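Student: Structure in structure tokens, see below.
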Amino acid sequence: MSDSPVQQNTRPEAAAATTQLSGILRRVGMIGDMIDRSVGNADHPLRIQIERFDGPVQAVIDGRQTTLFGTNSYLGLNFDPRCIAAAEQALRQWGTGSTASRVASGNQDGHVALERTIAKFYDRPDAIVFSTGFMANMGTICGLASDGDLILYDSHCHASIIDACRASGATFKPFKHNDPVDLDRLLKEATVPASRILVVLEGLYSVWGDVGDVKGLATVAKDHGALVFVDEAHGLGLYGDNGRGVTEAQGAEHLVDAIVGTFSKSVGVIGGYCVTMHPALKSLRFLARAYLYTASLPPAVVASARTAIEIIASEPGLRAEMWRKAERFCLGVEALGYSLCAAPGPVGSIRMRGLVQGMDFWRDLLARGIYVNLLIPPATPAGEVLLRFSVSAAHTDADIDKFLDIMREMAPRAISA
């Protein structure tokens, strides 16, 4: 693997045009030029285009048959025949889109039925469906917290949570990742009543692939009297006896006031939701601008999501199959000498020694028919360069063997100092 500098941008006219700009356009243009110089003109993540899907984890990219280890289809439900049939039926009956928000004419029978299915799945009195997972975080956090409140969030939280904190009008501060002691310190130092503090964390963090200390952090928060919010976007369908996420797996559901999740991972479509345990939180429907002012989910998506959640609830064997393959793959990668950021799980990251190695490694894998995600700063903790992978129940043992064989061939170049 080459240690030579990444190919330089060969479009001098673009850089010259940027120097003639000013203000906002110049700043944005300079960022674009910097990205081009960093990644060069060959294949890179910003230009990848999937030409055809042949199943939940098989696709054609640039004419190459490719196995996707960078998809969030943890259970393969985006190609489940039952989900597709439900979507097709809804498409014929209800058309292609809702054309309005939930509070206008976009509140259809399917949306209400989906919310009831989610509430039953979580054994909670209510659920609210949003049009994306990003909007679920935005709408819920902004609906709960406002000027005069304090949000304390885990420093590894997703960008949607950070944006929601900024938009809420509340004061917000990070606590050290997965650190109940640091959270306790911030709660003790708070100058607002605990009843006006919202503690935000995640069940499964998707950059490193590490599990959140939901029970430990929620216990500290509740000892002070704060509200607790957990994002289970990547934990839904994968953790807990019923597949409700890390919060369930750690026996912490009674400590959590609001759980948010997304349909774009295990459920296989798009959308998000919030489930609550407090009757007072039904007012979120009127306080969450991301709910009030966004067109509701298309009927086909709603029908598929409902079917997928029913499958997750009734077929634990699918979850067990994903775990068997995830542990087999992760342990195989570690045995080859690579450094993983977390214990074996459905999503994880392999540490690279810098952008050049990470980019070369990513391109070599793609050329051999394996797609993973390349993560670079500032989207990663501590400025790390990572290759993020995800494992699906839809992967075959042959898929995993192929990936491990390639990793074995590349190990001498990738691991050596």
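The values are calculated or read from the model by the stated rules, or taken from the named source; none is laboratory data. This structure is a prediction, so every number in the text was calculated from the model and none was measured. Reconstructed Cβ throughout: ideal geometry from the backbone, glycine too, with neighbour counts over all protein chains shown.
Student: Could you identify the single residue in ALA280, ALA288, ALA300 that is without any contact (Cβ under 8 Å) to a residue 40 or more places away in the chain and either crowded, with 24+ Cβ neighbours inside 10 Å or in the same structural domain as SER195 (by TED's automatic domain parsing) (or both)?
Tutor: ALA280
Student: Continuing with this model, one more query. If the requirement is being touching a residue at least 24 places away in the same chain (Cβ under 8 Å), over 23 Å from CYS83 (Cα atoms) and outside any loop (DSSP other than H, G, I, E, B), which of these qualifies: VAL220, VAL260, VAL275?
Tutor: Every option except VAL220 fails the conditions.
Student: Please go through region 326-353 and give me each residue that is hydrophobic (A, V, I, L, M, F, W, C) and farther than 17 Å from SER206 by Cβ, ordered by number.
Tutor: Those that are hydrophobic (A, V, I, L, M, F, W, C) and farther than 17 Å from SER206 by Cβ: LEU331, VAL333, ALA335, LEU336, MET352.
Student: Please list, ordered by first then second residue, the pairs with beta carbon atoms under 6 Å, 6 or more apart or interchain, first in region 28-53 and more than 17 Å from MET359 (Cα to Cα), second among the aliphatic types (A, V, I, L, M) and at pLDDT 70 or above.
Tutor: GLY29/LEU21; ILE50/ALA59; ILE50/ILE61; GLU51/VAL60; ARG52/VAL60; PHE53/ALA59
Student: Report yes if GLY133 is assigned by TED's automatic domain parsing to the domain that holds ARG285, closer than 19 Å to TYR293 by Cα and buried (at least 21 other Cβ atoms within 10 Å of the Cβ), otherwise no.
Tutor: In short, yes.
Student: Also, quick follow-up: Right, SER195: within 19 Å of ILE259 (Cα to Cα), of a type in the set (Ser, Thr, Tyr) and either touching a Phe, Trp or Tyr at 6+ places or on another chain (Cβ under 6 Å) or not in a helix (DSSP H, G or I) (or both) or not?
Tutor: No: the conditions fail for SER195.
Student: Can you name every residue in region 141-166 that is over 18 Å from the mean Cα position of the chain (by Cα), surrounded by 14 or more Cβ atoms within 10 Å (Cβ to Cβ) and of a type in the set (Gly, Ala, Ser)?
Tutor: Of everything in region 141-166, those that are over 18 Å from the mean Cα position of the chain (by Cα), surrounded by 14 or more Cβ atoms within 10 Å (Cβ to Cβ) and of a type in the set (Gly, Ala, Ser) turn out to be GLY143, ALA145.
Student: In region 351-375, how many residues are without any contact (Cβ under 8 Å) to a residue 40 or more places away in the chain and within 20 Å of the chain's Cα centre (by Cα)?
Tutor: 1
Student: Sticking with this one: Tell me the residue from ALA394, ALA411, ALA382, ALA398 that is among the small types (Gly, Ala, Ser) and buried (at least 21 other Cβ atoms within 10 Å of the Cβ), please.
Tutor: Only one candidate qualifies: ALA394.
Student: Now for a separate question. Restricting to region 245-257, and then to whatever is out of contact with any helix residue (DSSP H, G or I) (no Cβ under 6 Å at 6 or more places or on another chain) and within 18 Å of ILE128 (Cβ to Cβ), can you tell me which residue is surrounded by the fewest Cβ atoms within 10 Å (Cβ to Cβ)?
Tutor: ASP257
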